[in-house]
Amino acid sequence: MHKILILGPQGSGKGTQAKRLAQKLGVPALSMGQLLRDEVATGSALGKEIDTVISKRGELVSDQIAMTVLMTRLHQPDCANGYILDGFPRMESQYDAFAATQTPTAVIVINVPKDVSLSRMQNRAVVEQRADDTPELMEKRLNIYHTLTIPVVERYRAQGVVHEISGLGSVEDVERAIDAAL
Ligand code: AMP
């Protein structure tokens, strides 16, 4: 069973690494941000509510919304042998809600300095045209990571499952470091 979380600031490459690891381990790669954007794309009432929070305000969706969307996905049959999840939990209240049913087998934290994070996000904004990749919202999301998500890392560290990886090399360098850590 592989229940692996990948945490890191925006632009740390966690989504890319989640996909590579998932392919190797034969479990699905899930991105909390992508699950939310998928819900927006359905045009549902919930999706509209999510869109207001993500695109217009650059804030985190409520824990209740995140947990509902996430747990619906985790109950799909393809998650029976585990999953690689990036971007969750992002704050301690989510940690608590998640811990009630899920115990990760490993937590990978990809570290990159703030300036690298920002310049990678700027590049992605050009390529992907994400509605929330404006300079102002990028800065805001980065600050959320540093104030709210670092305490989550500390909670997992206390369980002895955290592996800290530098996100500064090439995609292949980071991938090798993750493989070695696991
Ligand atoms: P990401 O693709 O990881 O950059 O996430 C994009 C956006 O989705 C974030 O800025 C949040 O608004 C929302 N989001 C992603 N993960 C979470 C989470 N764990 N809790 C609440 N909102 C989230």
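Here are a few things to note about the model shown:
- Scanning the stretch 93-111 for residues that are open to solvent by less than 70 Å² (accessible area, probe 1.4 Å), within 14 Å of the ligand (Cβ to nearest atom) and over 22 Å from N81 (Cα atoms) yields a total of 3.
- The residue that is least open to solvent (accessible area, probe 1.4 Å), among those in the stretch 140-182 that are among the charged types (D, E, K, R) and under 18 Å from M32 (Cβ atoms), is R141.
- For the residues S62, S31, S44, S55, the requirement of being of a type in the set (S, T, Y) and more than 9 Å from the ligand (Cβ to nearest atom) singles out S44.
- The set of residues in the stretch 11-51 that are touching a residue at least 12 places away in the same chain (Cβ under 8 Å), assigned to a loop (DSSP other than H, G, I, E, B) and open to solvent by 10 Å² or more (accessible area, probe 1.4 Å) comprises G11, G13, G26, V27, P28.
- Scanning the stretch 52-67 for residues that are open to solvent by 40 Å² or more (accessible area, probe 1.4 Å) and farther than 17 Å from Q94 by Cα yields T52, K56, R57.
- Verdict on S119 being at negative phi and loosely packed, with under 14 Cβ neighbours inside 10 Å: yes
Yes/no per residue for (1) within 15 Å of the chain's Cα centre (by Cα); (2) modelled with pLDDT of 95 or more; (3) of a type outside the set (A, V, I, L, M, F, W, C):
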{"position": "D96", "(1), (2), (3)": "no, yes, yes"}
{"position": "A100", "(1), (2), (3)": "no, yes, no"}
{"position": "P104", "(1), (2), (3)": "yes, yes, yes"}
{"position": "Q122", "(1), (2), (3)": "no, no, yes"}
{"position": "H146", "(1), (2), (3)": "yes, no, yes"}
{"position": "I150", "(1), (2), (3)": "yes, no, no"}
{"position": "A158", "(1), (2), (3)": "no, yes, no"}
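- Applying the condition of being of a type in the set (A, V, I, L, M, F, W, C) and either near the ligand (Cβ under 9 Å from one of its atoms) or modelled with pLDDT under 95 (or both) to the stretch 70-92 and asking which residue is farthest from I4 (Cα to Cα) yields M91.
The values are calculated or read from the model by the stated rules, or taken from the named source; none is laboratory data. From a predicted model like this one, the values you see are computed outputs, not experimental measurements. Don't worry about glycine lacking a Cβ; one is built from the backbone with ideal geometry, like all the others, and counts go over all protein chains shown. Note: areas computed on protein heavy atoms with side chains; ligands, DNA, RNA excluded. Shrake-Rupley method; radii C 1.70, N 1.55, O 1.52, S 1.80 Å.
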